[in-house]
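Engineer: So that we are looking at the same thing, I have put the structure below in structure tokens.
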Amino acid sequence: MRQFTHLLSIRTTRRGLVDFTKDVRAWVAAQRVTTGLLTVFCKHTSASLLIQENAAPEVRTDLEAFFEQIAPEDPGRYEHDDEGPDDMPAHLRTALTQVQLSIPVLDGEPVLGTWQALYLFEHRQRPHVREIVLHLLAE
């Protein structure tokens, strides 16, 4: 077994979903492996990861609207607001999603369905640089 790691930086501009599938596909291809398991890990507590539809932009719009409803910015609602009114809602949204994904690699490519893409889900209003760790365990 061989192991490969990479730190991917993703610059966000606002709250929402950022597709980073092409970056992951390119990195996996550069490792020249056939079979393996890719772990994708987000090093933040106010951003998360999703595998979601990549064809209809309405899916992303609806997901963002849903999370606005279940974890709204509401001054006075939360005790934790050290970094502003979007601080605690960002942590709640991360708790409801995930910070780690496991994706099989077959024939040198991450196995994703036809309409699936990898997204960083930024939960904060202002821009950030988010770090994603890629770890590939391969034959």
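Engineer: Taking only Cα atoms, what is the 0 to 90° angle, nearest 10, from helix 87-96's long axis to the longest principal axis of the chain?
Structural biologist: Roughly 50 degrees, rounded to the nearest 10.
Engineer: Of Gln31, Ile51, Ile103, which is farthest on the positive side of the dipole of the chain, counting Cα position, with +1 on Lys and Arg Cβ, -1 on Asp and Glu Cβ, and the Cα centre as origin?
Structural biologist: Gln31
Engineer: What size of dipole, in debye to the nearest 20, comes out for the chain about its Cα centre when the only charges are +1 on Lys and Arg C-beta atoms and -1 on Asp and Glu C-beta atoms?
Structural biologist: Working: 14 positive and 20 negative charges, 121 e Å.
About 580 debye.
Engineer: Where does helix 21-30 land angle-wise versus the long Cα axis of the chain, in degrees 0 to 90, nearest 10?
Structural biologist: Result, in degrees: 30.
Engineer: Dipole of the stretch 18-97, Cα-centred, from +1 at each Lys and Arg C-beta and -1 at each Asp and Glu C-beta, to the nearest 20 debye?
Structural biologist: That gives a dipole near 800 debye.
Engineer: Still on this structure, please answer the following. Once the other residues with Cβ under 9 Å from the Cβ of Glu122 are scored (Lys, Arg +1; Asp, Glu -1), what is the net sum?
Structural biologist: So the surrounding residues net to +4.
Engineer: Go through the stretch 11-41 and name the chymotrypsin sites (Phe, Trp or Tyr not before Pro) that are in a DSSP coil and have 14 or fewer other Cβ atoms within 10 Å of their Cβ.
Structural biologist: When the chymotrypsin sites (Phe, Trp or Tyr not before Pro) of the stretch 11-41 are filtered for loop state and at most 14 Cβ neighbours within 10 Å, nothing remains.
Engineer: In whole percent, what relative contact order does the chain give with Cα contacts below 8 Å and a gap of six or more residues?
Structural biologist: Worked out over the chain, it gives 56 percent.
Engineer: Something else: Could you tell me how many degrees, from 0 to 90 and to the nearest 10, lie between the Cα long axis of helix 57-70 and the main elongation axis, the longest principal axis, of the Cα atoms of the chain?
Structural biologist: On a 0 to 90 degree scale, this one is about 50.
None of the figures in this text is laboratory data; all of them are computed from the coordinates on show. These figures come from a predicted structure and were not determined experimentally. Because the Cβ atoms are built from the backbone with ideal geometry, glycine has one as well, and the counts that use them run over all protein chains shown.
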